[in-house]
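The values are calculated or read from the model by the stated rules, or taken from the named source; none is laboratory data. Every value quoted in this text rests on a predicted model; they were computed, and no experiment measured them. Every residue, glycine among them, receives a Cβ derived from its backbone with ideal geometry; neighbour counts consider all protein chains shown.
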Amino acid sequence: MPTKPPPTVGRATVNANLMIVLRPKDNSIERYVLLIESPQARARNEPYLEFPKGVFDASGNFGGPMMDNLRQEHRLNLTKEPLINLTALVQKMQPLTCEPGSYDERAVRSIRANPNTTVLLWERYLDRKEIESLRGSSGGRRAPGGAINIRMLEYRDFTEIMTRKVELRHGWEIYELLHSHHILQQLLHEKSIGN
């Protein structure tokens with residue numbers, strides 16, 4: 001049975017993992033990935049990091065408890081305009097051949113292994129002081145009650161820890177595939193991600 005294509009942003013009740021990549025305006029090469037530690041993981045005293053998860057409505061707005069927390073507690077202005085459906089982009093590529101060990105092979109294998117997982121990208125340039133503020137709030141302080149902790153990882157550190165969790169590795173593989181084909185750079189430029 002053929003795999004159903006992932007829902008696009010704009011369709012009602014779309015659940016997805018959100019990969020948040022932040023770049024300082026004074027250094028276009030430097031990148032940070034924002035991950036969260038859920039209250040459930042904290043209650044079990046587990047070092048468990050994951051992508052934020054959201055629900056997307058018919059207008060392309062995205063919300064849910066994790067999104068609300070990032071907006072309210074951490075003052076991250078998550079708007080819908082920069083949103084890119086990475087999963088849909090990779091599926092549209094339909095590469096006919098993949099060199100062994102290439103990003104293409106890993107991403108296609110990952111898509112086939114996770115047919116019901118949609119990964120969305122929210123990538124923005126921010127003032128360095130905004131990034132430093134977020135990094136400061138992710139320094140290990142335990143969030144009260146049901147709030148989530150955030151972790152801001154430099155991209156190279158993210159590539160090390162992502163091997164421990166399937167959803168993080170899946171997001172990384174398709175993100176790198178689209179970068180290697182220069183597809184993502186063009187889309188980000190068109191969306192004017194803030195630089």
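Quick notes on this structure:
- Number of the condition not met by Thr79 [criteria: (1) within 20 Å of Thr117 (Cβ to Cβ); (2) at pLDDT 70 or above]: (1)
- Subset of segment 134-152 that is in contact with an Asp or Glu (Cβ under 9 Å, 6 or more places away or on another chain) and of a type in the set (A, V, I, L, M, F, W, C) - its residue that is modelled with the lowest pLDDT: Ala143
- Some residue of segment 110-119 being in a loop (DSSP other than H, G, I, E, B), in contact with a Pro (Cβ under 6 Å, 6 or more places away or on another chain) and either at pLDDT 80 or above or among the charged types (D, E, K, R) (or both): yes
- Taken over segment 162-180, the residue count meeting the criterion of being touching a residue at least 60 places away in the same chain (Cβ under 8 Å), over 13 Å from Leu121 (Cα atoms) and touching a helix residue (DSSP H, G or I) at 6+ places or on another chain (Cβ under 7 Å) is 2.
- Filter result (basic (Lys, Arg) and either surrounded by 15 or more Cβ atoms within 10 Å (Cβ to Cβ) or at pLDDT below 90 (or both)) within segment 156-195: Arg164, Lys165, Arg169, Lys191
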